[in-house]
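Visitor: Got a structure for you, questions after.
The values are calculated or read from the model by the stated rules, or taken from the named source; none is laboratory data. Remember, predicted model here, so these are calculated numbers, not experimental data. Neighbour counts are summed over all protein chains in view; Cβ atoms, including those assigned to glycine, are modelled from backbone coordinates with ideal geometry.
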Amino acid sequence: MSPVFDWAFALEILPTLGEALIITVQATLLGMLVAVTLGLVLALLRRARLKIISAPAALFIEFVRSTPLLVQMYFLFYVLPVTGVQMSPLTTGILALGVHYAAYCAEVYRAGIEAVPRGQVEAATALNMSGWRTAVGVVLPQAIPPVVPALGNYLVAMFKDTPLLSAITVVELLQTSKMIGSATFRYTEPLTLVGILFLLLSLIAAYGVRRLEIGLQRFGGKR
Amino acid sequence: MEDYLSLMPALLRGLWVTIGITVGAALLAVPLALAAGLARMSRQPWVSWPAAVYVEVFRGTSALVQLFWFYFVLPLFGLQLPAIAVGVIVLAANAGAYGAEVVRGAVNGVLKGQREAAIALNMTSRQIMQRIVLPQAIPAMLPPAGNIMIELLKNTALVSLITITDLTFRGQLLRSDTLRTTDIFIIVLLLYFAVALLITAGVRLLERRFKTR
């Protein structure tokens with residue numbers, strides 16, 4: 001009978017898991033790229049003065065935030081090919097992660113934008129700046145730095161949601177560990193290692209976000 | 001329209017499983033969150049440390065990894081639980097860990113002077129917690145607790161990956177039976193959205209009740 005936790009076996013599979021971790025990190029970073037850009041667009045649309053624009057944006061944000069990411073992933077994975085869009089499972093997964101977290105990021109941006117004092121916008125109007133210049137030149141530079149830590153927290157959250165990619169056949173960290181498990185009948189080591197890897201990386205990332213928060217405050221994030 | 005109705009019975013059966021898991025896990029998560037949140041603030045290290053480890057482990061790892069770990073690894077240690085129990089327990093533990101931080105934040109948010117006044121009145125620390133701190137902290141916990149409930153509802157979709165026939169799993173089954181992919185997933189998403197709206201409305205109701213008191 002082999003030991004409960006076989007250290008030699010754990011060490012042996014570590015490189016394979018390390019390779020899979022690269023896919024996971026890749027998906028997280030690309031997904032976050034989609035989320036922060038699409039999120040900003042959604043936040044601005046939601047603040048549009050025209051109801052025909054702001055109401056659908058608000059509904060979309062609410063809907064995406066309150067339905068499961070897994071179902072959204074299935075939706076994109078199975079429905080996109082029907083409409084003629086061909087994408088690899090990884091791309092589909094990154095898109096799903098990005099859209100899901102874009103809805104969260106939109107709310108973060110909104111909080112940041114609402115915290116910019118009204119006088120700033122009024123002053124920009126008084127200086128005859130266009131709406132676009134007011135947004136890009138005056139409001140956003142003050143709205144975004146204070147919310148960077150909040151966005152960072154969603155980066156960590158997204159990282160922890162990447163195992164869902166395994167449900168749409170992407171071979172990332174969790175899927176790799178399950179494949180090792182079904183090939184060797186040993187699930188303890190691969191699944192425990194995956195848990196530890198996630199824990200380590202998200203603790204490090206959370207620490208980084210906290211440092212960033214302190215740094216931003218010192219830098220002049222105060223208002 | 002009739003076409004959509006033919007899909008509903010199977011999906012509704014799944015919806016009940018989803019709601020059952022959500023409610024069961026929520027009922028477990030609330031005491032867990034209170035216990036872990038308060039324990040983490042204890043001055044005794046052997047009380048605060050286990051709570052801190054629990055909170056960090058469940059917040060720091062992925063919910064799906066937690067599910068798989070409890071589903072695949074625990075039986076190897078001789079603890080064989082039915083999938084549904086694993087689902088409810090893991091989701092409750094996950095939500096409880098996030099809830100513990102909400103409890104901690106709300107309790108820390110109670111003004112320091114309130115505690116000091118209670119100490120000056122010679123109240124025991126138990127009395128301070130029960131009569132002064134918690135009555136003020138609970139209303140502050142409600143809005144973030146509502147968010148955690150919605151996260152919990154969304155996380156229940158993960159149990160479909162450990163063979164439980166919840167709403168998501170029913171959707172998958174129906175998809176392979178009827179191939180009406182788009183219709184099915186739109187209905188599934190709308191059903192989840194409806195439950196989430198119910199949770200939001202419920203939390204609003206609770207908030208109003210606590211405010212008028």
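Visitor: Mind listing just one residue for me: the one in region B:140-192 that is farther than 24 Å from A:VAL82 by Cβ and of a type in the set (Gly, Ala, Ser) and, of those, farthest from the chain's Cα centre (by Cα)?
Guide: B:ALA140
Visitor: Based on what the data block shows, is A:ALA20 under 30 Å from A:THR184 (Cα atoms), under 22 Å from the mean Cα position of the chain (by Cα) and either at pLDDT below 95 or assigned to a helix (DSSP H, G or I) (or both)?
Guide: So A:ALA20 passes the test.
Visitor: A further question follows. Among all residue pairs at least 6 apart or on different chains, which show Cβ distances below 6 Å where the first residue, located in region A:71-84, is facing chain B (nearest Cβ under 7 Å) and the second is small (Gly, Ala, Ser)?
Guide: A:VAL71/B:ALA157
Visitor: If we scan region A:21-32, do we find a residue that is within 14 Å of chain B (Cβ to nearest Cβ) and surrounded by fewer than 16 Cβ atoms within 10 Å (Cβ to Cβ)?
Guide: So far as region A:21-32 goes, yes, one or more of its residues are within 14 Å of chain B (Cβ to nearest Cβ) and surrounded by fewer than 16 Cβ atoms within 10 Å (Cβ to Cβ).
Visitor: Still on this model: Here are A:TYR104, A:TYR109, A:TYR78: which of them is at pLDDT below 95, among the aromatic types (Phe, Trp, Tyr) and either crowded, with 21+ Cβ neighbours inside 10 Å or touching a helix residue (DSSP H, G or I) at 6+ places or on another chain (Cβ under 8 Å) (or both)?
Guide: A:TYR78
Visitor: List the residue pairs whose Cβ atoms are under 6 Å apart, where the first residue sits in region B:46-61 and is among the hydroxyl-bearing types (Ser, Thr, Tyr), the second is surrounded by 14 or more Cβ atoms within 10 Å (Cβ to Cβ) and assigned to a helix (DSSP H, G or I), and the two are 6 or more positions apart or on different chains.
Guide: B:SER48/B:ARG40; B:TYR54/B:ALA36; B:THR61/A:GLY195; B:THR61/A:PHE198; B:THR61/A:LEU199
Visitor: Tell me, which helices (runs of 4 or more DSSP H) lie completely within region B:99-213 with 2 or more residues that are away from every other protein chain (no Cβ under 14 Å) and among the polar types (S, T, N, Q)?
Guide: The helices (runs of 4 or more DSSP H) meeting that bar number zero.
Visitor: Out of B:VAL23, B:VAL73, B:VAL55, I need the residue that is among the β-branched types (Val, Ile, Thr), more than 14 Å from chain A (Cβ to nearest Cβ), out of contact with any strand residue (DSSP E or B) (no Cβ under 8 Å at 6 or more places or on another chain) and in a helix (DSSP H, G or I). Which one?
Guide: Residue meeting the stated conditions: B:VAL23.
Visitor: Evaluate region A:40-49: report whether one residue or more is β-branched (Val, Ile, Thr) and within 13 Å of another protein chain (Cβ to nearest Cβ).
Guide: The answer is no, given that none of the residues of region A:40-49 is β-branched (Val, Ile, Thr) and within 13 Å of another protein chain (Cβ to nearest Cβ).
Visitor: Here are the criteria: (1) more than 9 Å from chain B (Cβ to nearest Cβ); (2) in contact with a helix residue (DSSP H, G or I) (Cβ under 8 Å, 6 or more places away or on another chain); (3) in a helix (DSSP H, G or I); (4) not acidic (Asp, Glu). Tell me which single one A:THR162 does not satisfy.
Guide: With (1) more than 9 Å from chain B (Cβ to nearest Cβ); (2) in contact with a helix residue (DSSP H, G or I) (Cβ under 8 Å, 6 or more places away or on another chain); (3) in a helix (DSSP H, G or I); (4) not acidic (Asp, Glu) applied to A:THR162, the lone miss is (1).
Visitor: Restricting to region A:166-197, name every residue that is in a loop (DSSP other than H, G, I, E, B), touching a residue at least 60 places away in the same chain (Cβ under 8 Å) and either buried (at least 22 other Cβ atoms within 10 Å of the Cβ) or within 11 Å of chain B (Cβ to nearest Cβ) (or both).
Guide: A:VAL170, A:GLU172, A:ARG186
Visitor: Here is a list: B:ALA85, B:ALA93. Which entry is part of a helix (DSSP H, G or I) and touching a residue at least 24 places away in the same chain (Cβ under 8 Å)?
Guide: Exactly one residue qualifies, and that residue is B:ALA93.
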